[in-house]
1. Assigning unit charges at the beta carbon (Lys, Arg +1; Asp, Glu -1) and nothing else, what dipole magnitude in debye, to the nearest 20, does the stretch 427-731 show about its Cα centre?
2. Could you order Trp78, Trp61 by accessible surface area, starting with the largest, using a probe radius of 1.4 Å?
3. For the stretch 335-430, with every protein chain kept in place, what is the accessible area per residue (1.4 Å probe, Å²)?
4. If you average 1/r across every pair of different Cα atoms in the stretch 299-420 and take the reciprocal, what Kirkwood value do you get, in Å?
5. Give the separation of the Cα centroids, the stretch 465-505 to the stretch 558-591, in Å.
6. Can you list the aspartates and glutamates whose alpha carbon is less than 19 Å from that of Lys428, not counting same-chain residues fewer than 8 positions off?
7. Where does each of 461-474, 602-615, 219-232, 150-163 land if you order them by average Cβ count within 10 Å, highest first?
8. Take the solvent-accessible surface of the protein heavy atoms, probe 1.4 Å, and return the percent of it on the stretch 60-150 that carbon and sulfur atoms account for.
Amino acid sequence: MKVSVRAPSGIFRKEVKGFFITPIAYVFIVVYVSLLGLLTYVQGCFFEIGEASLTYTFFKWHPWLNAFLVPAIGMRVWTEESKQNTLELLLTHPVTLPLLILFKYLAALVPLLTALLLTAANVITVEYLGSPDYGPVLTAYLGSFLMAAAFLAVACCCSSLTRSSVVSFIISCSICFLFLIIGSRQMGNGLVDIFPQSKWLVDGIASIGLLQYFDTFQRGILDFTSIACFVAIIFFALTANYYILARREGFGKRNIFGRFPSIVILLLMLFGIGIVSLLFKQVGLRVDLTANKMYSLSEGSKKILSALERDVTIRFYVNESANILSPRMRNYSRRVADFISLLEHESKGKVKFERYDPVPDSDAAVSAEMDNIHGTLLPSGVEGYMGLAFVCLDQKSAIPFLDLSREPSLEYDIIRKIRDVSKLSGRKTIGVYGTVPIFGVPDMFPQWQLLDELNSYYNIIQLFGNEAVIDPDIDVVLIVHPLGLNSVFEKALDRYLQGGGDMMVMFDPVALSFMFYRQSLVEQNASSSWPRLEAAVNLHFSHTNAVLDMTLRSEMDRGEGLEELNFILSLSAQQMNAKHQISDRINQLILPTTGCFHGTPPRGIKKTVLMQSTADSALQHVRSLLNVSRIEAETMNRTFSPDPEQYDLAVLLEGRFPSLMTGKVESEAQPARIIVWGDSDFVSDPFTGETVTIQGREVFYPKNSNLTLVQNAIDYLCDSAELNAARSKTRNARPLTRLIELERSAEKKYISRIQELDVLSAALNKELEHSRLITSARLDGTIRDKATRQRIQTLEKKMRIAKNELRILRKDLRLEIQGIRNRVIIFNAILIPLFWSFVGAGILMRRHCKTRPRALSRE
């Protein structure tokens, strides 16, 4: 048959027109857009999360909606042809069956692509409310389209199996949901239990799970392995579609596949997809499109690798031959291997990569034990290995087990180990002194996680506050909550500072650590004080005042439900100094009751502000914040009045410092650096994260970037700041700044009247109590007693009116704030779908009006 060029395009136009002249495409588009809007802003907790990100509120629903709704488009592609017996008629056109299948498939893609593009209203909304990272948005859209295209190919294939659209829809949905759940952690562990000796089979089955590939797109990575997997599904599904149709119509029997039953063809399709996925997993080609290049090698890491003078060998111990690790862990081990291969290439051979499979009683298992890599008990009940050993000459270090939760810090952990073992001078030392229980409480609480993190890379020496001389081996002195320092220790610190020693001091207007660790009451010895240091550098700390900030207020649950606390600050990248390597890329900080610094250091000392409050802030005495109740916290929010300035919360000082004892710059004084912080509790365990026991190991899960910021500061003082960029690779907090401004402006409309009513209620309540006391004391006649009772009734009436007005104002304020959020929901979940409903109805009505006269004329 001679194939015409115009025939396929004509079939394509006919099929597309067939979708859009019937309600099918419009119903699909409206349902798709509406459900995504509702799931994003209602079920997805978009406003509760409060970030200008669509990753975990919008895109996470795409796979499940695609698995359910896409088969509704593809189920009629071939079932209608079978019902009406029009397939033979189509084949009379100058077009082959493969081209017919391809162009009908492409035509069915058009309503899918249209629906996906119309969800861009959500992106516009997030752009209006905040500042999203468009790298993950673009890659997630690409991943969603590829997944929808793959599901459509499966639906088209299934529609060729039967004449019933309903049966086709059910089969398609089942296969699509199977593609989603097959790669989950629970399914992976189940496969390991079912096939304990068949590692290749488990990997092959798990490799067709699509959620793992879509997750890569959601993170902002353009991964060619994931693209290849989706393309493989499309190719094999359309190929299976061809053989099923060819077998059914009787002109495909001359090829071997044409003789197979349809179910065998489907199984061969799944087998082919698994083989392609496994093959492309070895490629590892990807492009990082995130704004801060979270998944690319940082410049600091490249600098360390290029400066290596000695070869460093990395030994990767991982169970490969035995089916011990779950598919998720094996996938992670491949990513680790790909990353180490990248380091090997970037270092021009200075980094050597060796892989070992430590099966029981093998030489590799013995080598692992000698390198301090031990087996970890897994959920399957057996011990598994997945650790790294770093060797350079006679220096050794290890990461005993690679935890999946620490993947964002993988670059920092590995590069740090490489740098440490390649240096023959040994680790640097930090001297730590604290009046708060930073070293823990014996038999009650362990030392703070901060020390555990620092101890991984530095030697830690505890200072007791009575030293006459600071150990010369100490490179940095860390003082947490200075309070009542004795003169001998101050003199030692002064000599250390004059000799060029670096120091980090954490002040605090109220040290909550005393309460957390049951050492004493918070009110006792709560405020930090170091007068001689403050006088020497002319930088004064707000000893008894904490910074309140309405823009940075935190939402917390203290046991009575969620409440907004303006004295516990949630800082993002906007409050950090992005021009300094300590605070660059830092976000998501929590500062509980922090103080601030004011003053200008003397000449010769450079001052660099590392973080600040917003202009919507003020100072308040810390005693009013101790044990504040929920009602008092709400009152503080309502009565808040900002000061016209931003407060410095952390400051870096560099230069030749005056003596703490004389206040003069001595001739022998060496340049030094001091970093001062307005809070010490932000590095205590309750505000940094939590430690949980997983598979017999204690794993620390950080809640924020608090420890990262302090570690950056320590590295800077130890001249190791090139690693800061690698450590700071966390997902940037992108708050809904516009939404916060709108809610704050709504509050301002009511706040003055609410404050007036609060004052009036307090005055009336005081006068009422006074009148009642007078009434109870008087016994001198009914007239005066009656007048007093009338006065009390009048006051009670005014009190009820004031309280009622106050209640109505608070209700109106809540409704207005909720109204702002409701307008976002209505716009995306109702108005946009409604608009396209009217568009579709208009097109259908116009079509009906055009065709009706023709029908009447024929009659």
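The values are calculated or read from the model by the stated rules, or taken from the named source; none is laboratory data. These figures come from a predicted structure and were not determined experimentally. Cβ atoms come from the backbone with ideal geometry, glycine included; neighbour counts cover every protein chain shown. For the accessible areas, the whole protein counts, side chains as well, though only heavy atoms, and no ligand, DNA or RNA atoms are used. Shrake-Rupley method; radii C 1.70, N 1.55, O 1.52, S 1.80 Å.
1. On the way: 24 positive and 37 negative charges, 111 e Å.
Rounded to the nearest 20 debye, it is 540 debye.
2. On the way: Trp78 0, Trp61 50 Å².
Per-residue accessible area, sorted high to low, gives Trp61, Trp78.
3. Details: 4460 Å² over 96 residues.
Per residue, the stretch 335-430 has an accessible area of 47 Å².
4. Numbers: mean 1/r = 0.0679 Å⁻¹.
It works out to 14.7 Å.
5. What the calculation gives is 29 Å, centre to centre.
6. Asp394, Asp413, Asp420, Asp452, Glu453, Asp471, Asp473, Asp475, Asp502, Asp715, Asp719, Glu722
7. On the way: 461-474: 13.5, 602-615: 17.1, 219-232: 21.2, 150-163: 26.6.
Ranked from most to least packed, the peptides come out as 150-163, 219-232, 602-615, 461-474.
8. Carbon with sulfur: 74 percent of the solvent-accessible area.
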